[in-house]
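Reviewing the structure listed below.
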Amino acid sequence: MTAPRLEIHLGKISRNARLLVQSLARVGIGVTGVTKAALGSAEIANAILNAGVSGLADSRIENIESMRRAGVRGSMTLLRSPMLSQVGRVVAHADVSFNTELDVISELSSAARKLDRKHGIVLMVELGDLREGIMPGDLAGVVRQTLRFPHVVLEGIGANLACLSGVRPDAKNMAELSALADSVDALIGGTLSLVSGGNSGNLQWALSGAPTGRINDLRLGESVLLGREPLGRNPIHGLHTDAISLVAEVIESKTKPSRPSGEIGETAFGVVGPTHGVGDISQIILALGRQDTDCFGLDAPPGIEILGASSDHIIVNAGDSGLPIGSEVRFQPNYSALVRAMTSPFVSRQFFN
Ligand SMILES: *Cc1c(COP(=O)(O)O)cnc(C)c1O
């Protein structure tokens, strides 16, 4: 078997997505499946689509293009505001994009005219996390301008909390989004079809029994793939947290002192290395490093402790686990480790049903 590799259990991903679709349906919320941690994998995209999500979304047009090339069906939304240099590709391959800038919307409209189609626009609103979003006071003006562009259609509004500053979605900020949706309805003399409340960080709020107001969509990635919510990284009841694991191979196994000898300076990655000692340990080197993943975002099996990592090596204290050369260690990646492993050309993928 090649290593390092990601072992991906598609059935578990699909069951995670289906359970989330079912629980949110009870509170009137649909699910958009977010594939951005999967580098456009058609296998993963189809596993999520089969669970009954309303569509797929990704932050990179390249991933949307590869899913389309692989024949993945379903509507596709670009989650990150399009680069001006990519508007042609965006209107050609994505049905909808999230937007905050009129200059971009104007160019999307021109690009859509050339292809003789209409491109859907979701306007993102800033609700306190300080990543993307139009300031709420500016929303009405942006809506009016957006309606003037002939080849775009205003599909809805959305917000994104939790990701950058860790701001929790709660009754207050979600009520603010609902109120904004009502005000946009009044302005356009109709009803916005999509009010997208946020990401996996919104689950606690959505399933708490609090009124969900106008919010009728959540965009879920981490909870589907890893079965955890991103604000406390707690497992979500009923979901699989082991749908994806990262496997590395042992290339050195020796008894070594736990404390380095010699004068200590900076390491290759700037941080100071370990300086405490607990006598001799069973030190093992795995052929996996910072080029492949976030080594400190890996959950090691019981009895194994990650001591450090460089570009190409993870050093572990193997305790009594007696791992010979050529044997494998299986880790649970967190979101950061998963995204990086998925995008490393050195990490292969093995799919299971
Ligand atoms: C990544 C992303 C999501 C999905 O977030 P998860 O925490 O993985 O569920 C949703 N919306 C936007 C705009 C994103 O960038």
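The values are calculated or read from the model by the stated rules, or taken from the named source; none is laboratory data. Since the model is a prediction, treat every value here as computed from it, not as a measurement. Cβ coordinates were reconstructed from backbone atoms using ideal geometry, including for glycine residues, and neighbour counts include every protein chain displayed. Just the protein is used for accessible areas: all its heavy atoms, side chains included, with ligands, DNA and RNA removed. Shrake-Rupley method; radii C 1.70, N 1.55, O 1.52, S 1.80 Å.
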Open item on the list: Which of the numbered conditions does Val31 fail, given that it passes all the others? Conditions: (1) of a type in the set (Val, Ile, Thr); (2) in contact with a Leu (Cβ under 7 Å, 6 or more places away or on another chain); (3) surrounded by fewer than 16 Cβ atoms within 10 Å (Cβ to Cβ).
Closed with: (3)
Open item on the list: Taking the condition of being open to solvent by 20 Å² or more (accessible area, probe 1.4 Å) and either in a loop (DSSP other than H, G, I, E, B) or more than 13 Å from the ligand (Cβ to nearest atom) (or both), how many residues in segment 215-238 meet it?
Closed with: 11
Task: Check on Lys36, more than 13 Å from the ligand (Cβ to nearest atom) and within 15 Å of Glu222 (Cβ to Cβ) - done: no
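Would it be correct to say that Gly40 is modelled with pLDDT under 95 and over 22 Å from Asp242 (Cβ atoms)? Show your work before the answer.
Working: modelled with pLDDT under 95: yes; over 22 Å from Asp242 (Cβ atoms): yes.
The answer is yes for Gly40.
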Task: Residues (more than 16 Å from the ligand (Cβ to nearest atom), surrounded by 21 or more Cβ atoms within 10 Å (Cβ to Cβ) and over 16 Å from Asp182 (Cα atoms)) located in segment 150-162 - done: Val152
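Taking the stated definitions as given, is Leu84 at pLDDT 95 or above and surrounded by fewer than 16 Cβ atoms within 10 Å (Cβ to Cβ)?
On the way: at pLDDT 95 or above: yes; surrounded by fewer than 16 Cβ atoms within 10 Å (Cβ to Cβ): yes.
It is true that Leu84 is at pLDDT 95 or above and surrounded by fewer than 16 Cβ atoms within 10 Å (Cβ to Cβ).
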TODO: Collect the residues in segment 198-214 that are of a type outside the set (A, V, I, L, M) and more than 10 Å from the ligand (Cβ to nearest atom), keeping them in residue-number order.
DONE: Gln204, Trp205, Ser208, Gly209, Pro211, Thr212, Gly213, Arg214
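Only helices (runs of 4 or more DSSP H) wholly contained in segment 47-137 count here; list those with 3 or more residues that are more than 25 Å from Asp182 (Cα to Cα) and within 16 Å of the ligand (Cβ to nearest atom).
Working: elements: 61-69, 87-93, 102-114.
Fully inside segment 47-137 and qualifying: 61-69.
Has segment 245-261 got at least one residue that is crowded, with 22+ Cβ neighbours inside 10 Å and among the hydrophobic types (A, V, I, L, M, F, W, C)? Break it down into steps so the answer makes sense when it comes.
Going through segment 245-261, the residues crowded, with 22+ Cβ neighbours inside 10 Å turn out to be 246, 248.
From what is left, the residues that are among the hydrophobic types (A, V, I, L, M, F, W, C) are 246, 248.
Yes: segment 245-261 contains one or more residues that are crowded, with 22+ Cβ neighbours inside 10 Å and among the hydrophobic types (A, V, I, L, M, F, W, C).
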